[in-house]
1. Which of the following values of volume of the Cα convex hull per residue in Å³ was calculated from the structure shown: (i) 109; (ii) 85; (iii) 157?
2. Can you classify segment 62-125 as rounded, prolate or oblate using the Cα gyration tensor, where a ≥ b ≥ c are the square roots of its eigenvalues, rounded means a/c under 1.5, and otherwise it's prolate if a/b beats b/c and oblate if not?
3. Let me know the charge dipole size of the chain about its Cα centre in debye, to the nearest 20, where only the beta-carbon of Lys, Arg (+1) and Asp, Glu (-1) is charged.
4. If the reach is capped at under 29 angstrom between alpha carbons, list the lysines near Lys77, excluding any in the same chain fewer than eight residues apart.
5. For Asp109 and Asp54, compute 0.36 nm times the residue count separating them, minus their Cα-Cα distance, and round to one decimal in nm.
6. Round to the nearest 0.05 the FRET efficiency obtained for Arg28 and Leu76 when R0 = 30 Å and r is the Cβ-Cβ distance.
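Derivation of every value follows stated rules applied to the coordinates shown; laboratory data play no part. Small disclaimer: the values here were computed from a predicted structure and weren't measured. Note: ideal-geometry Cβ built from the backbone for every residue, glycine included; neighbour counts use all protein chains shown.
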Amino acid sequence: MVDVTNDAENALPRLRELCLALPEVTERLSHGEPTWFAGEKKTFVMYADHHHDDRVAFWCAAPPGTQEALIGEAPLKYFRPPYVGHRGWLGVWLDRVVDWEEIAEIVTDAYRVVAPKRLLRDLEG
């Protein structure tokens, strides 16, 4: 069964759970928003709760070409975030119907983009 919700109020706890399930992830505020770091130093996901507009989303690192492909495929789900979009980061709207299995894949891919090799080995098991 696909895990799909449209509940922006519960988006942060669900996103937090996905991020903190990855090896050696820490959370702290950055620019006033919850942000997750791989190995203490490398940001891979930033929550965006009305930070630049009236929407709830997250911004994340993405493999090369992913931002363009996903925005081109589904511009109502994905966007180019300010400040980090020029580096290929992906914005994902959370104030709409959300497929949490898809979000888990996006979060894991973001982690893979920035995590040190030793953490990637831990991730792969």
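1. (i)
2. The shape class here is oblate.
3. Dipole size: approximately 620 debye.
4. Correct list for Lys77: Lys41, Lys42.
5. 17.1 nm
6. Working: r = 31 Å, r/R0 = 1.03.
Using R0 = 30 Å, I get an efficiency of 0.45.
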